[in-house]
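Please read the structure below before turning to the comments.
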Amino acid sequence: MLTRKNLYLTLFLALILIFSFSFSMMAAETLSIMATSDVHQYLMPYDYMEDNVDETIGFSKIYSLIEDERAKNENTLLLDNGDLIQGSLIGLYEYQIEPITEDETQTIIKAYNHAGYEAATIGNHELQDYSMDYLEKAIAGADFPFVSANIKLANNEDEYYTNPYTIITKNINGKDLRIGVVGFVPPQSMLWGKDHLEGNIIIEDILESAKKVIPELAQKTDLVVVLSHSGISDSPVDSYDARENASYYIAQMDEVDALITGHHHGVFPDDYADLEGVDAEAGTIFGVPTVMPGSWGSALGIIDLEVEENKGSWEVLDHQVRHRVVDENVKSHPEIEEIANDVHEKVIEYVRTPIGDTERDITSYLSRVMDSPVTQVINDAQLWWAEQEFAEGEYSDLPILSAAAPFRAGREDADYFTEVMEGGVTIGDVTDIYIYDNQIRVMQMNGEQIIEWLERSAENFNRIDPNLESTQELLNPEFSAYNFDVIDGIEYELDVTKEIGDRVVNASYQGEPLTEDMEFLIVTNDYRAGGGGDFPPAVEEDPVYAPSGVVNREIIMNYIEENGTINPEPDYNWSISSFDTAGDVTFRSHPEAMDYIEKYEIPNISFVETDENGMGVYKLDVSNLNN
């Protein structure tokens, strides 16, 4: 029986619990960490390669989302995860076409200053594409700090190139919350940008630096936020892939409270839900709230942390990971448009400059399954340039080969294809064919090394089991199209029924099998020559010719201007080996690729369906590919 005394005691305890709960709810506040990554100078909702408005991208739209978030919550933090000053033709225009003056800074930095960024890290494209003084202009012009904990000075490896981290204090409910923000960049950037970086900086492995710096930062702060310009990979920790894409392992450090990742141009958690340790619903990797907000200003990533201070110590009570996606319903902010408008209009005028004509559609629809006009026109131009460059001198007796990849070839996105149609060709069209600011490189290799190069490229394909009656997908979704090098000047086949490393067959030069005692020059770019993509021969060999400032894209422009009219019909010097199979073999490409297939009477391909992502699914008749 409940006595009056017990009743009073029960009510008293209930009041205490209610009061304590109410006090806790009043004391807890939400800190919204807003992040962008891989914006790549896409200031406006405009695709300069397509010369079209694109309502799904653009920092001017991101800023509208930033303002909306700030209106909802006074406790916000705005960060950028790198690769901001290079990418769209605005970056190239301000660097090379109409270079900004010594006392100017990039338009993207002006926009970021206006938006009130509080920190940014350095991405690989800040380092590899342009001279270091261009990055230093950005750092000098920014009202916010750039941080990177694994970039050191070459002449003093104890000294950082920038501060490794910054500490930002937020006053929440009258209490100071100290937030440590630290940044990292792939160490391979040192190879990719060797000409710009060697002798100026060194780049340590991400985890090596993280294990030194993050515990130190945690001692000084209440929260640690990592800006990891690095993708997500569960490959072995010491592998090339994991060293480049180390975010998966950073998340396993106890001191990390929030993780911003990028470099892959993907979306977390959507693109990584199947990895061990990833909780897609919670938006965490090994319990750490994580966001990867796409690229080109396609989304604003947000990590909401519910934080509470108790006796001088802050605790994260809960979290939420969100993406605010840019679409036609998000308005482009007029203040950013005003900042960007002058260079935006100049770039549009520049990309519309006519340079010649093509008698053939140049598309990348089939570029990952057969020889295509995209890689053909790149290789034709590079060979044209090299034949003039090496007509005399030390290497004039060596046969010349050329390597090229289809850069815009799907990425599981029906809009991400090269499409330059028959007729007039503009500068913008060439940027659609060759999207990067790479510089030309020439390497000397033997026939055996060329085969090694092609074996890495052949990882583009899944292994197909001829005995399976079920449908098999031909293309490896984990393999990037920009690593699918096609080498012109030789003939070869790729046998997709074989294991990785044993797929190149019937490789020959002028009818003779490629051997170790055959020597070649091979024309490529600074990314590949610097080891980009983990191509074995490129990692081992240095270029024999590395002319400073000679850009692959400009060689293509010069080739078209010189010829006036081009017809880059594929020479089909390579193919997938034919084989009989019990089931169907399919691949994904542009949903309208069948129009191209029918126009050019390309055999062995039939349309199956359009998938849930808007990609076309096609059946490849693998029994008849060498005819």
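Here the extension length gained between D158 and K619 equals 160.3 nm, from 0.36 nm per residue of separation less the Cα-Cα distance. Net charge in the neighbourhood of N462 (other residues with Cβ under 14 Å of its Cβ; Lys, Arg +1, Asp, Glu -1) is -2. When only the Cβ of Lys, Arg, Asp and Glu is charged (+1, +1, -1, -1), the dipole of the range 35-346 relative to its Cα centre reaches about 700 debye. In this simple spin-label model, placing a label point 7 Å from the Cα along the Cα-to-Cβ direction at both I500 and V550 gives a separation of 3.4 nm. Considering only beta bridges that DSSP places wholly inside the chain, some 70 percent are antiparallel.
Label reach from R463 (point 7 Å along Cα→C-beta): in the range 599-627, no amide nitrogen lies under 15 Å.
How many nm separate the modelled label positions at T101 and E359, each set 7 Å beyond the Cα in the direction of the Cβ? According to this spin-label approximation, the distance is 4.9 nm.
Only sites in a loop by DSSP and with at most 11 other Cβ atoms within 10 Å count here; which GluC sites (Glu not before Pro) in the range 327-429 make the cut? Write down the numbers at each step before the final one.
Numbers: sites: E328, E335, E337, E338, E345, E349, E359, E387, E389, E392, E394, E412, E419, E422; in loops: E328, E359, E392, E394, E412, E422.
Hits after loop and neighbour filter: E328, E359, E392, E394.
So which lysines can K498 reach, going by Cα to Cα under 28 Å and dropping same-chain residues fewer than 8 places off? Once the sequence-local lysines are set aside, what remains near K498 is K619.
Of K170/K331; K152/K220; K152/K211; K110/K152; K110/K346; K61/K170, which sit over 19 Å apart, Cα to Cα?
Violating the 19 Å Cα-Cα cut-off are K170/K331; K152/K220; K110/K152; K61/K170.
Kindly write out, for the range 478-484 in residue order, the coupling ³J(HN,Hα) from the Karplus curve 6.51 cos²θ - 1.76 cosθ + 1.60 (θ = phi - 60°), rounded to whole Hz, with x marking Gly and Pro. Result, ordered by residue: 7, 9, 7, 4, 5, 9, 8 Hz.
Taking amide hydrogens as placed 1.01 Å from N in the peptide plane, the amide H of I566 sits under 5 Å from those of D357, T358, E359, each at least 5 positions away in sequence or on another chain.
How much FRET efficiency would the formula 1/(1 + (r/R0)^6) give for S396 and D238, where r is the Cβ-Cβ distance and R0 is 45 Å, rounded to 0.05?
Details: r = 42 Å, r/R0 = 0.94.
The pair S396/D238 has a calculated efficiency of 0.60.
Here the 3J(HN,Hα) profile of the range 399-406, calculated from phi with Karplus coefficients 6.51, -1.76 and 1.60 at θ = phi - 60°, is x, 10, 10, 9, 10, 8, 10, x Hz, Gly and Pro shown as x. The calculated FRET efficiency for D274 paired with R411, based on their beta-carbon distance and R0 = 22 Å, is about 0.75.
Taking Cα centre as origin and charging only the Cβ of basic (Lys, Arg, +1) and acidic (Asp, Glu, -1) residues, the dipole magnitude of the range 353-576 rounds to 460 debye. In the chain, taking the dipole from charged Cβ atoms about the Cα centre, the farthest positive-side position among Q320, W385, I555 is held by Q320.
The numbers here are math on the coordinates, done by the rules we state, and not lab data. All figures in this text were calculated on a predicted structure; none of them were measured in a lab. A quick note on method: Cβ atoms are made from the backbone with ideal geometry, for glycine too, and the neighbour counts reach across all protein chains shown.
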